[in-house]
Amino acid sequence: MNKAGRVSGLFAFLMMFAILFCSVSQLQAAEISLSYANFPPAKTFPCVQMERWKQEVEKRTSGKVQVQTYPGSTLLGAKNTLRGVMQGQADIGCVSIAYHPGVFPLSSVFELPLGFTTSTSASLALWDLFQKHQPKEFKKFKVLTMFASAPSNLMTKTPVRSLSDLKGVELRASGILSKILDSIGATPVSMPMSATPEALQKGVVKGLFSSFDVLKDMNFAEICRYETVTNTAVYPFAIIMNKSSWEALPDDVKKVMNDLGREQAEWTGQYMDQHVKDSLAWSKEKYDIELITMPEADMQTIKEKTMPLINDWKTKAVDSGVDADAVLAEVETSRVKYDSAK
Ligand code: DTR
């Protein structure tokens, strides 16, 4: 063989080696493959946090774990994630607690108007509460992390400048947040976030009660030009994993995921709080939305009218074996601690 032949032979050998090496490392990367289902569109905060979690897990396990993400209800929808993850249709899923009234007697405390001012403080307080109580409402799952949306506000097609403008207006919400709307005179229509664009378009609802991130991420600013600040309750979320999928993981991987629990809650809260600001600025710029402040007297009325919901929650929680007074006191201590740490 001449010199040129030897060089090209060596080159071919090196190429073969590189291809073999790549496919072996790809095989290694696929050693543990997990599916992760999420119901809202990819741009929204539950999916943004999902991609961040995937990246961190893949990095911290040096590629041993690969996470396949399914945003936008492509694997499981909002209402069948619980059952789907339990049955193993997905290894991991994102659950909005408010979409399952009565199923989470303890964690639903976070749907009450408790005065949280940020997603970060609510997310950390929720995670602390879960860690402390390990409530039996999640006994069929491994809970990987929890977080909460930012406080909820009114996004409407026509201006809501006072409580009287709200009378009988059909608004989308979920869970206890629907009851909040009811108690202040609106007509709540309960549905998951993923069903809201169609309901708004068809006029089934004239607006929604949620955090301002969706003005941008769901483009609701286009249809809901009036945003009334009420800073009421947040929506709590849990990221659940199929128990057998969890138990099948090696200890080092379990440790990576356990270590990520609180960090992910905080990361999501911080992302959300910043994103609400970005979303409002974007909506002002693109659609010239109007940000409305409720009169002080109406804010006081909201507080008074929603108070009984706390007692309703207490009654149901106690019936399910939850020490409701202790839980409310713990959440309040956390709220003060995290809200003042801002
Ligand atoms: N407001 C709750 C939670 C929420 C806030 N932003 C998003 C985006 C996508 C899904 C849910 C949420 C809710 O309305 O469901």
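The values are calculated or read from the model by the stated rules, or taken from the named source; none is laboratory data. The structure displayed is predicted, hence computed values, not measured ones. Because the Cβ atoms are built from the backbone with ideal geometry, glycine has one as well, and the counts that use them run over all protein chains shown.
Surrounded by fewer than 17 Cβ atoms within 10 Å (Cβ to Cβ) and of a type in the set (Gly, Ala, Ser): does that describe Ala42?
Working: surrounded by fewer than 17 Cβ atoms within 10 Å (Cβ to Cβ): yes; of a type in the set (Gly, Ala, Ser): yes.
For Ala42, the condition - surrounded by fewer than 17 Cβ atoms within 10 Å (Cβ to Cβ) and of a type in the set (Gly, Ala, Ser) - is met.
Name every residue in region 303-314 that is surrounded by 16 or more Cβ atoms within 10 Å (Cβ to Cβ) and more than 23 Å from Ser107 (Cβ to Cβ), in order of residue number. Hit for region 303-314 is Lys305, nothing else. What number of residues within region 226-261 are touching a Ser or Thr at 6+ places or on another chain (Cβ under 8 Å) and farther than 16 Å from Phe138 by Cβ? Within region 226-261, residues that are touching a Ser or Thr at 6+ places or on another chain (Cβ under 8 Å) and farther than 16 Å from Phe138 by Cβ number 14.
Scanning region 204-215 for residues that are assigned to a helix (DSSP H, G or I) and either at pLDDT below 95 or not hydrophobic (A, V, I, L, M, F, W, C) (or both) returns a single hit, Asp213.
Go through the residues of region 55-70 one by one and say whether even a single one is closer than 19 Å to Met218 by Cα and within 16 Å of the chain's Cα centre (by Cα). Show your work before the answer.
Looking only at region 55-70, we keep the residues that are closer than 19 Å to Met218 by Cα, and these are 70.
Keeping just the survivors that are within 16 Å of the chain's Cα centre (by Cα) gives 70.
There is at least one residue in region 55-70 that is closer than 19 Å to Met218 by Cα and within 16 Å of the chain's Cα centre (by Cα).
Within region 179-194, residues that are under 18 Å from Ser108 (Cα atoms) reach partners that are crowded, with 20+ Cβ neighbours inside 10 Å and of a type in the set (D, E, K, R) with beta carbons closer than 7 Å, at six or more positions or on different chains, in the pairs Met191/Arg172.
Quick grid of which residues meet (1) of a type in the set (A, V, I, L, M, F, W, C); (2) without any contact (Cβ under 8 Å) to a residue 60 or more places away in the chain:
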{"position": "Met155", "(1), (2)": "yes, no"}
{"position": "Ser174", "(1), (2)": "no, no"}
{"position": "Glu198", "(1), (2)": "no, yes"}
{"position": "Glu227", "(1), (2)": "no, no"}
{"position": "Trp246", "(1), (2)": "yes, no"}
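Of the candidates Lys286, Lys305, the single residue that is closer than 23 Å to Ile180 by Cα and in contact with a helix residue (DSSP H, G or I) (Cβ under 7 Å, 6 or more places away or on another chain) is Lys305.
Residue count for region 137-170 satisfying the condition of being farther than 16 Å from Leu291 by Cα and either of a type in the set (Phe, Trp, Tyr) or within 17 Å of the chain's Cα centre (by Cα) (or both): 11.
Go through region 216-325 and tell me which helices (runs of 4 or more DSSP H), entirely inside it, have 3 or more residues that are of a type in the set (A, V, I, L, M, F, W, C). Working first, answer last.
Values: elements: 243-247, 251-287, 296-319.
In region 216-325, the matching helices (runs of 4 or more DSSP H) lie at 251-287, 296-319.
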